[in-house]
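Written below as structure tokens is the structure these notes are about.
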Amino acid sequence: MKGKRILLGISGGIAAYKCCALVRLMVKAGAHVQVILTPDAAAFVSPLTLSVLTKNPVLSTFSNKDGVWNNHVDIALQTDLFIIAPATANTIGKMANGLCDNLLLATYLSAKCPVIFAPAMDLDMHEHPSVKQNIKQLISFGNHLIPAENGELASGLTGTGRMAEPETIMQHIANYFDGDKKLKGKQVLVTAGPTYEAIDPVRYIGNHSTGKMGLAIAHSFAAQGAEVVLICGPGVSQLSSSTHINRIDVTSALEMHKACIQHFKRADITIMSAAVADYRPAQSATQKIKKNGDILNLELVKNSDILQDLGTKKTSKQLLIGFALETQNELAHAKDKLKRKNLDMIVLNSLNDKGAGFGTDTNKVTFIFKSKKSKALPLMTKQEVAHELVLEAIKFLA
Ligand code: CTP
């Protein structure tokens with residue numbers, strides 16, 4: 001963190017008082033800290049205190065008292081990392097919708113550096129669908145969430161809404177600046193889990209994928225400093241929070257396809273581990289289908305192959321890795337998929353191998369490369385397989 005320029009945006013919530021401790025920790029770690037307050041934040045924490053702690057004037061208006069412009073564009077460009085803590089429901093809502101009626105928001109809209117935000121509000125506000133939607137929206141823009149924590153709130157109620165403690169926020173910042181990480185700054189796209197194809201409002205066609213392999217991959221890449229966009233099908237368990245993982249939840253293959261297209265262009269590395277449904281009902285009934293007669297015929301139409309589509313769009317600088325789950329003629333089928341989908345590598349797992357497949361914590365895979373070489377790995381935990389993938393990606397980028 002030494003010598004890094006950190007911009008701390010404080011919005012108007014009681015958790016603002018914790019920012020004095022946060023600033024102290026950042027300054028102690030050698031960072032150069034600039035504070036921007038929203039107009040309401042000054043009611044919770046004194047600009048003088050923050051100015052003394054940062055040894056910098058605290059900004060909160062578009063011009064100072066001598067009428068000199070506080071240039072939000074310059075402030076944003078001169079920053080390595082922008083932290084917005086506490087991020088109140090109001091500030092989050094405005095950030096999500098491109099509003100900029102104060103200096104903090106205008107600077108946010110101008111920022112090109114990574115942005116981390118730490119929400120803080122009362123539990124019912126935090127649970128409100130609009131706030132949840134806005135937080136999701138911010139994550140989809142590539143901002144990093146430090147989730148609110150559970151505990152006693154200023155209202156006297158207990159629940160989720162407390163801003164993360166300064167030490168936790170520091171941990172996220174330290175992770176971000178860790179220079180030894182081999183994939184620092186690389187953009188990685190990962191898909192995980194199944195897709196559900198709606199038959200009617202209560203039924204779907206799905207599969208047994210749990211997304212464990214995809215979660216392990218996302219974590220392994222994030223641990224090497226990569227910025228991961230993780231597109232998850234339904235039912236994939238919650239992942240522990242990481243500032244390097246932006247999780248996007250989808251349900252159907254069509255939604256997954258759309259999300260992949262949106263994020264693929266920026267991705268240096270793409271790993272498609274999701275078990276995408278190959279077909280979907282031609283029509284999804286709007287009302288629950290009542291039982292009627294002994295036979296029900298469902299007409300299915302083909303989903304487009306997301307991986308194959310990305311294969312047609314990929315440039316020579318992008319690494320594209322697919323998965324193949326086979327039950328017979330494994331190598332031949334996997335090699336065919338590698339070629340057909342224009343991949344750099346395919347990860348073959350066979351349902352015939354003990355310890356491999358859905359829901360297990362282990363996997364037994366063979367990596368098959370474009371060069372036609374292959375590498376059969378022994379039975380490993382999914383974390384170990386994910387780590388092997390990271391090593392292959394590092395080799396490719398080198
Ligand atoms: N895949 C995809 N979109 C689909 C189907 C599959 O992106 N509509 C991706 C999977 O994420 C995986 C790879 O393609 O990385 C292989 O999926 P698999 O189902 O094994 O292969 P298919 O091409 O669907 O072939 P088949 O079902 O005939 O085995």
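The values are calculated or read from the model by the stated rules, or taken from the named source; none is laboratory data. What you are looking at is a predicted structure, and each value in this text was computed from that prediction instead of being measured. FYI the Cβ positions are ideal-geometry reconstructions off the backbone, even for glycines, and counts take in every protein chain you see. Areas reflect the complete protein model, heavy atoms only, side chains present, ligands, DNA and RNA absent. Shrake-Rupley method; radii C 1.70, N 1.55, O 1.52, S 1.80 Å.
Would you tally the residues in segment 60-110 being closer than 28 Å to residue 177 by Cα, modelled with pLDDT of 90 or more and surrounded by 21 or more Cβ atoms within 10 Å (Cβ to Cβ)?
Residues in segment 60-110 being closer than 28 Å to residue 177 by Cα, modelled with pLDDT of 90 or more and surrounded by 21 or more Cβ atoms within 10 Å (Cβ to Cβ): 19 in total.
Starting from residues that are charged (D, E, K, R) and in contact with a strand residue (DSSP E or B) (Cβ under 7 Å, 6 or more places away or on another chain), keep the ones in segment 143-185 and report whichever is modelled with the highest pLDDT.
Going residue by residue through segment 143-185, those that are charged (D, E, K, R) are 149, 152, 162, 165, 167, 178, 180-182, 184.
Now restrict to residues that are in contact with a strand residue (DSSP E or B) (Cβ under 7 Å, 6 or more places away or on another chain): 149, 152, 162.
On the way: 149: 88, 152: 87, 162: 94.
Among those that are charged (D, E, K, R) and in contact with a strand residue (DSSP E or B) (Cβ under 7 Å, 6 or more places away or on another chain), it is 162.
Has segment 209-226 got any residue that is out of contact with any helix residue (DSSP H, G or I) (no Cβ under 9 Å at 6 or more places or on another chain), more than 23 Å from residue 385 (Cα to Cα) and outside any strand (DSSP E or B)?
Scanning segment 209-226 turns up no residue that is out of contact with any helix residue (DSSP H, G or I) (no Cβ under 9 Å at 6 or more places or on another chain), more than 23 Å from residue 385 (Cα to Cα) and outside any strand (DSSP E or B).
Cβ-Cβ distance below 8 Å, separation of 6 or more or different chains: which pairs start in segment 322-336 with a residue that is assigned to a helix (DSSP H, G or I) and end on one that is of a type outside the set (Val, Ile, Thr) and near the ligand (Cβ under 10 Å from one of its atoms)?
Correct list of pairs: 330/324; 330/348; 331/348; 333/324; 333/326; 334/324; 334/326; 334/348.
Let me spell it out: the conditions are (1) open to solvent by less than 10 Å² (accessible area, probe 1.4 Å); (2) touching a Pro at 6+ places or on another chain (Cβ under 8 Å), and residue 126 meets all of them except one. Which number is the exception?
(1)
Run residue 309 past the list (1) within 12 Å of the ligand (Cβ to nearest atom); (2) touching a Phe, Trp or Tyr at 6+ places or on another chain (Cβ under 6 Å) and report the number of the one that doesn't hold.
With respect to (1) within 12 Å of the ligand (Cβ to nearest atom); (2) touching a Phe, Trp or Tyr at 6+ places or on another chain (Cβ under 6 Å), residue 309 is out only on (2).
Considering only segment 1-14, how many residues are open to solvent by 10 Å² or more (accessible area, probe 1.4 Å) and touching a residue at least 40 places away in the same chain (Cβ under 8 Å)?
Let us first name the residues in segment 1-14 that are open to solvent by 10 Å² or more (accessible area, probe 1.4 Å), namely 1-5, 12-14.
Next, from what is left, pick out any that are touching a residue at least 40 places away in the same chain (Cβ under 8 Å): 1, 4-5, 12-14.
So the count comes out to 6.
Hey, among 289, 248, 205, which residue is surrounded by fewer than 24 Cβ atoms within 10 Å (Cβ to Cβ), outside the structural domain of residue 387 (by TED's automatic domain parsing) and either at positive phi or more than 12 Å from the ligand (Cβ to nearest atom) (or both)? I'd like the intermediate steps shown before the answer.
Working: 248 fails: outside the structural domain of residue 387 (by TED's automatic domain parsing); 205 fails: outside the structural domain of residue 387 (by TED's automatic domain parsing).
Step by step, each of 289, 248, 205 is checked, and only 289 is surrounded by fewer than 24 Cβ atoms within 10 Å (Cβ to Cβ), outside the structural domain of residue 387 (by TED's automatic domain parsing) and either at positive phi or more than 12 Å from the ligand (Cβ to nearest atom) (or both).
Let me spell it out: the conditions are (1) more than 13 Å from the ligand (Cβ to nearest atom); (2) under 20 Å from residue 274 (Cβ atoms); (3) loosely packed, with under 14 Cβ neighbours inside 10 Å, and residue 392 meets all of them except one. Which number is the exception?
Evaluating residue 392 over (1) more than 13 Å from the ligand (Cβ to nearest atom); (2) under 20 Å from residue 274 (Cβ atoms); (3) loosely packed, with under 14 Cβ neighbours inside 10 Å leaves (3) as the failure.
Could you tell me which numbered condition residue 316 fails, if it satisfies all but one of (1) within 15 Å of the ligand (Cβ to nearest atom); (2) within 30 Å of residue 391 (Cα to Cα)?
All conditions are met except number (1).
Pairs only if they're at least six apart or on different chains, beta carbon under 8 angstrom, first in segment 40-55 and in the same structural domain as residue 9 (by TED's automatic domain parsing), second charged (D, E, K, R); list them, first residue then second.
If the second residue must be charged (D, E, K, R), the pairs left are 53/24.
Criterion first (over 23 Å from the mean Cα position of the chain (by Cα) and within 7 Å of the ligand (Cβ to nearest atom)) does residue 294 satisfy it?
Details: over 23 Å from the mean Cα position of the chain (by Cα): yes; within 7 Å of the ligand (Cβ to nearest atom): no.
Answer is no for this residue.
Just for strands (runs of 3 or more DSSP E) wholly inside segment 114-191: which have at least 1 residues that are among the hydroxyl-bearing types (Ser, Thr, Tyr)? Reasoning before the result, please.
On the way: elements: 115-119, 149-152, 158-162.
In segment 114-191, 158-162 are the strands (runs of 3 or more DSSP E) which contain 1 or more residues that are among the hydroxyl-bearing types (Ser, Thr, Tyr).
Select from segment 240-258 the residues that are among the aliphatic types (A, V, I, L, M) and over 30 Å from residue 168 (Cα atoms) and write down the one among them that is nearest to the chain's Cα centre (by Cα). Talk me through it step by step, then tell me what you get.
As a first pass, look at segment 240-258 and keep what is among the aliphatic types (A, V, I, L, M): 245, 248, 250, 253-254, 256.
Filter once more, so that each one left must be over 30 Å from residue 168 (Cα atoms): 253-254, 256.
On the way: 253: 19, 254: 20, 256: 14 Å.
Only one residue tops the list, namely 256.
Mind listing whichever residues of segment 260-279 are open to solvent by less than 90 Å² (accessible area, probe 1.4 Å) and either of a type in the set (S, T, N, Q) or more than 12 Å from the ligand (Cβ to nearest atom) (or both)? Steps first, please.
Narrowing segment 260-279 to residues open to solvent by less than 90 Å² (accessible area, probe 1.4 Å): 260-261, 263-264, 267-277.
If the condition is that a residue be open to solvent by less than 90 Å² (accessible area, probe 1.4 Å) and either of a type in the set (S, T, N, Q) or more than 12 Å from the ligand (Cβ to nearest atom) (or both), then 263, 267, 268, 269, 270, 273 are the ones that fit.
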